[in-house]
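**Q** Input: one structure, supplied below.
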DNA sequence: GTACGTGGTTTCCTTTTGGTAACCGCAAAA
DNA sequence: TTTTGCGGTTACCAAAAGGAAACCACGTAC
């Protein structure tokens, strides 16, 4: 019995742009984080307060992932107690139009669902 | 002991537009479905083939939810075997710019991650 | 010494999600 | 009569996600 190479040569991933981008935007609160950071840099506790319902754990996980994907920059300031500032990287800035578009649709959805008396439409 | 009315008068939901919109776009494959439907109306089996990896169950659930939220219109055609056509409603059309913006970022992410040799960035 | 604030981490738990596979009803075709 | 295609539905299951609460290190303030 001989070990053979597979017939298919592991066809290149050919990532779908939509999935590519959604893999960054996915997960609870991620768009909100980007939204707030698009305003100005923020500290951990600021983001926590801004978003309100997010847990520390999830916020940590999100920020770590965004950092790993190059969307967010993390900087420790030499203060005491040390504060940490998060801001959108150059790459992160590219997401702003997408987030803005989503927010924009959100506004229109609100108007429409108000007209139609669909109480809030779908909620999470 | 007297039953009292609550102090807070059930403050209005005050839905965040971002969450509002993401509650529609959320869930695996949803943006892809909208993307394909934004091209032209499609049948169930077409969408299934277009997206490829989606299961019938999830596709059903997504379409039902999109229909319920008024984004997608479902029409049964009087053919045999009966075919069902899905298309974006007027409200669904509003989502096109947002999806387009996301796709656009996806393209740029691809270029950047190619440059940086981050192999695909984050995958789902 | 003790408490406090910052920015987390860790553990545990419940809920949600999404996939697989089997099944279904109908009408037409073979 | 059996099969085929369409458009699903259902039951079951494993994995992932996300929340709560406890914990942690560090330097400063009291």
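The values are calculated or read from the model by the stated rules, or taken from the named source; none is laboratory data. Keep in mind the model is a prediction, meaning the values are calculated, not measured. Neighbour counts run over all protein chains shown; Cβ positions are idealised from the backbone, glycine included.
**Q** Can you name the number of the only condition in (1) within 23 Å of residue A:20 (Cβ to Cβ); (2) at pLDDT below 95 that residue B:91 fails?
**A** Of everything listed in (1) within 23 Å of residue A:20 (Cβ to Cβ); (2) at pLDDT below 95, residue B:91 misses just condition (1).
**Q** Out of everything in segment A:24-50 that is part of a loop (DSSP other than H, G, I, E, B) and either touching a strand residue (DSSP E or B) at 6+ places or on another chain (Cβ under 6 Å) or more than 14 Å from chain B (Cβ to nearest Cβ) (or both), what residue ends up being surrounded by the most Cβ atoms within 10 Å (Cβ to Cβ)? Please lay out each step first, then the result.
**A** Taking segment A:24-50 as the starting set, the residues that turn out to be part of a loop (DSSP other than H, G, I, E, B) are A:26-29, A:40-41.
From the residues that got through so far, the ones that are either touching a strand residue (DSSP E or B) at 6+ places or on another chain (Cβ under 6 Å) or more than 14 Å from chain B (Cβ to nearest Cβ) (or both) too are A:40-41.
Numbers: A:40: 10, A:41: 14.
The qualifying residue surrounded by the most Cβ atoms within 10 Å (Cβ to Cβ) is A:41.
**Q** For the subset of segment A:51-89 comprising residues that are in a loop (DSSP other than H, G, I, E, B) and touching a residue at least 40 places away in the same chain (Cβ under 8 Å), which member is nearest to the other protein chains (Cβ to nearest Cβ)? Break it down stepwise before answering.
**A** Restricting attention to segment A:51-89, the residues satisfying the condition of being in a loop (DSSP other than H, G, I, E, B) are A:52-55, A:69-71, A:78-82, A:89.
Those left that are additionally touching a residue at least 40 places away in the same chain (Cβ under 8 Å): A:69, A:71.
Details: A:69: 5, A:71: 9 Å.
That would be A:69.
**Q** Among (1) within 28 Å of residue B:107 (Cβ to Cβ); (2) within 9 Å of DNA strand C (Cβ to nearest atom); (3) surrounded by fewer than 16 Cβ atoms within 10 Å (Cβ to Cβ), there is one condition residue A:55 misses while meeting the rest; what is its number?
**A** If we test residue A:55 against (1) within 28 Å of residue B:107 (Cβ to Cβ); (2) within 9 Å of DNA strand C (Cβ to nearest atom); (3) surrounded by fewer than 16 Cβ atoms within 10 Å (Cβ to Cβ), just (1) comes out false.
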